[in-house]
Amino acid sequence: MGESIKPEETAAVARNKRKGALSASRWRTEVWPRYGEGIATLFSGGLILAAWLGDGGFGGKEWILYLLAYTVGGFAKAREGVLALVRDRRLDVNLLMVVAGMGAVGIGYWMEGALLIFIFSLSGALERMAEWRSQRDLSALMAMEPAWARRVEGDREQRVPIADLRVGDRVLVKPGERIPADGVVQQGKSEVDQAAITGESVPAEKGKRNRVFAGTLNGQGFLTIKVSRLNRDSTFAGILRLVEEAQTEKPPSQRKMERFEEVYTGSVIGTAVLWILLPPLLAGVSWNESLYRGMVFLVVASPCAVVASIMPAVLSAMSKGARDGLLFKGGAEVQALAGIRAIAFDKTGTLTSGEMKVTDRITLGDYTENELLRAAASIESLSEHPVARAIVREARGQRIPLSRPNTFRSQTGFGVKAVWEGECWRIGRPCWRKGRDAYGRREEERLAGEGKTVVLISNSRGAVGLLALQDRVRPEAKKVVSRLKRWGVRVVMLTGDRRTTVEAVAEQAGIDEVRAELLPEEKVKAVKELEVACGPIAMVGDGVNDAPALAAASVGIAMGAAGSDTALETARVVLMNDDLSKAADAVALGRRTQGVIQQNLAFALAVIGLLIIANITGRMTLPVGVVGHEGSTLLVILNGLRVLR
């Protein structure tokens, strides 16, 4: 009798079958596309090694192992070359190397031909690794998009798809969960890992009124977040769009190289044919010697190393940037940054944090500084003006208790009026209220001369004090400007703000050249003038009014976290964590990448030249030509991968 199968055993068998099917599917869709070329190359190398070690032990059948090595190692490259010829009517280096390998076999050099195909395939696998590494670092973000959110309505919590979230919805994020939407924290406190979005290695503390991004990972606390953007408009969604663009765009130098490759490949094949035919016909050289020299020329003159000089380095730079919070929309921007001769910065939100801060408290009456701040913050607590919010934020930071006014009225362009604690108060522009003494006027002029916004506080008895506010210059701004100047880059500030304010910021940041009170179209004009005077120019900005200048510049760089959607769409490089030092890092990365590319090209061309000269003089053998040429290809790819460090 057959052995009976228990129900639980049947379920286990079914699970194992599903697991096996999933593994096979994953191998076919993930593992093989990523590692297949490398696996085939290693297998090809194993066959060549076996044939070489077993020389004489296979009864003269070693050629079978070499033929298998050719087939396994060269299939991918041969397929690419044939497709380029048939589909695009284009000769490329893949076809050239396959022809060279076949030529080596034709003159009896099985080992050398197989080694040529193996090393060429290995260089292709390394180049594929650089491409995959770049895509992995960029598109790792895609796996971080949450599918669901906990929407809170009153006391009720509902699990909904993130596509159903609307601006103003409140969502609850538990410890260890990904934040489902861009928004502002309303309740709770936690540390949020923003590394994938901003490049910050240390989790950022988030509490009430702090901004958070979709796709970032919540730490150990609970957060209630008010949604500020729809899913399709979130920072995360914008990054995904940029990733898709970055993965498809080639730098201009690579496109030129591909055109050069087509012409050069045809020239090499034509020259090799002449090299084979003419010496026997014109100089009496033997056909065997002529064929041998023609095959050596075909190997050493092929432009593999030249072609591989650019993309591995550019892809490595894009990958490095993605890890460090620098998002390039394409390889063209990496190389464009290397040639930057001037860089223009917007002021508000770029060189400065975009957030006003109280810097001075001047008393003009009987009130202390804290009493002055308490009165101003209590009254301004009903206003949404940026100056009002800064005053309230300062008072709360000092833990000063506030009380709301009995009446409140805003007068556009001047300030606010209110009745507070039984007195009439005015808070606003100094010109709105007379009656300051000489000391008050001097202090007002001094503060205004420092580029600060001055607010006069007065009650029914007269002026009682002045508050000065200023947009804070980013702490890294001066260091960034200094770095750029050391590299010979001209640094300019382009802003729509008034000159007195701008000059104070420029002095703190170390910028010597300022163009103030510019309209958006005037910024574009300034960018074009600088480009004519200096050469390629980068523009760094964050607002809608910066978008035209970002588009006009050779390279537009946007502040990612605080930047407007328009600026992010227009710019070609995005600083994901609003760290201004990344602007200088981007220029440095571009220069380093260009330096590596130039090293690669110089080395590759020098090797090709030396090998051709050695072949002309008859001092070059096919094995040495294979190792020299393909070895140089491996070296330039490995040199390009150094940019990842």
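The values are calculated or read from the model by the stated rules, or taken from the named source; none is laboratory data. Every value quoted in this text rests on a predicted model; they were computed, and no experiment measured them. A quick note on method: Cβ atoms are made from the backbone with ideal geometry, for glycine too, and the neighbour counts reach across all protein chains shown. We work out accessible area using only protein heavy atoms, side chains counted, and drop any ligands, DNA or RNA first. Shrake-Rupley method; radii C 1.70, N 1.55, O 1.52, S 1.80 Å.
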Checking Glu261 against (1) of a type outside the set (Lys, Arg); (2) at pLDDT 80 or above; (3) open to solvent by less than 60 Å² (accessible area, probe 1.4 Å), only one condition comes out false. Which one? (2)
Return the residue satisfying two criteria in turn: it lies in region 436-481 and is within 24 Å of the chain's Cα centre (by Cα) and open to solvent by 50 Å² or more (accessible area, probe 1.4 Å), and of such residues it is farthest from Thr368 (Cα to Cα). Lys479
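Here are some residues: Arg399, Arg374. Which one is open to solvent by 60 Å² or more (accessible area, probe 1.4 Å) and touching a residue at least 12 places away in the same chain (Cβ under 8 Å)?
Arg374
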Among (1) β-branched (Val, Ile, Thr); (2) touching a residue at least 60 places away in the same chain (Cβ under 8 Å); (3) closer than 20 Å to Arg361 by Cβ, which single condition is Val480 missing? (3)
Residue count for region 364-391, restricted to those that are of a type in the set (S, T, N, Q) and modelled with pLDDT under 90: 2
Looking at (1) under 15 Å from Gln594 (Cα atoms); (2) open to solvent by 10 Å² or more (accessible area, probe 1.4 Å), find the lone condition where Leu278 falls short. (1)
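May I ask you to list the residues in region 172-184 that are among the aliphatic types (A, V, I, L, M) and crowded, with 22+ Cβ neighbours inside 10 Å? Talk me through it step by step, then tell me what you get.
To start, the set of residues in region 172-184 that are among the aliphatic types (A, V, I, L, M) comprises 172-173, 179, 181, 184.
Listed by number, the residues that qualify are Val173, Ile179, Ala181.
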Being of a type in the set (Ser, Thr, Tyr) and open to solvent by 40 Å² or more (accessible area, probe 1.4 Å) is the filter; apply it to region 588-622 and report the residue that is farthest from Ser316 (Cα to Cα). Thr617
What is the number of the single condition among (1) assigned to a strand (DSSP E or B); (2) in contact with a Ser or Thr (Cβ under 6 Å, 6 or more places away or on another chain) that Ile637 does not meet? (1)
Go through (1) closer than 23 Å to Thr359 by Cα; (2) open to solvent by less than 50 Å² (accessible area, probe 1.4 Å) and name the single condition Gln508 misses. (2)
Just to be sure I understand, how many residues within region 281-337 are among the β-branched types (Val, Ile, Thr) and in contact with a Gly (Cβ under 6 Å, 6 or more places away or on another chain)? 5
Would you confirm whether any residue within region 434-453 is in contact (Cβ under 8 Å) with a residue 40 or more places away in the chain and farther than 27 Å from Glu394 by Cα? no
Which listed residue, of Gly59, Gly108, is on the phi > 0 side of the Ramachandran plot and at pLDDT below 70: Gly59
Test result for Val212, closer than 22 Å to Asn577 by Cα and either modelled with pLDDT of 90 or more or in contact with a Pro (Cβ under 9 Å, 6 or more places away or on another chain) (or both): no
Kindly indicate the residue of region 623-645 that is within 27 Å of Gly321 (Cβ to Cβ) and among the hydrophobic types (A, V, I, L, M, F, W, C) and also surrounded by the most Cβ atoms within 10 Å (Cβ to Cβ) among those meeting that condition. Val636
Whether any residue in region 379-387 is assigned to a helix (DSSP H, G or I), open to solvent by less than 10 Å² (accessible area, probe 1.4 Å) and touching a helix residue (DSSP H, G or I) at 6+ places or on another chain (Cβ under 8 Å) is what I want to check. no
Across (1) assigned to a helix (DSSP H, G or I); (2) of a type in the set (A, V, I, L, M, F, W, C); (3) surrounded by 18 or more Cβ atoms within 10 Å (Cβ to Cβ); (4) modelled with pLDDT under 90, Cys431 clears everything bar (3)
Which listed residue is open to solvent by less than 70 Å² (accessible area, probe 1.4 Å), in a helix (DSSP H, G or I), closer than 23 Å to Ala125 by Cα and at pLDDT 80 or above, from Ala40, Ala24: Ala40
Of (1) open to solvent by 30 Å² or more (accessible area, probe 1.4 Å); (2) modelled with pLDDT of 90 or more; (3) more than 18 Å from Gly535 (Cα to Cα), Asp497 fails just (2)
Residue set Glu513, Glu522, Glu531; condition more than 28 Å from the chain's Cα centre (by Cα) and modelled with pLDDT of 90 or more; output residue Glu513
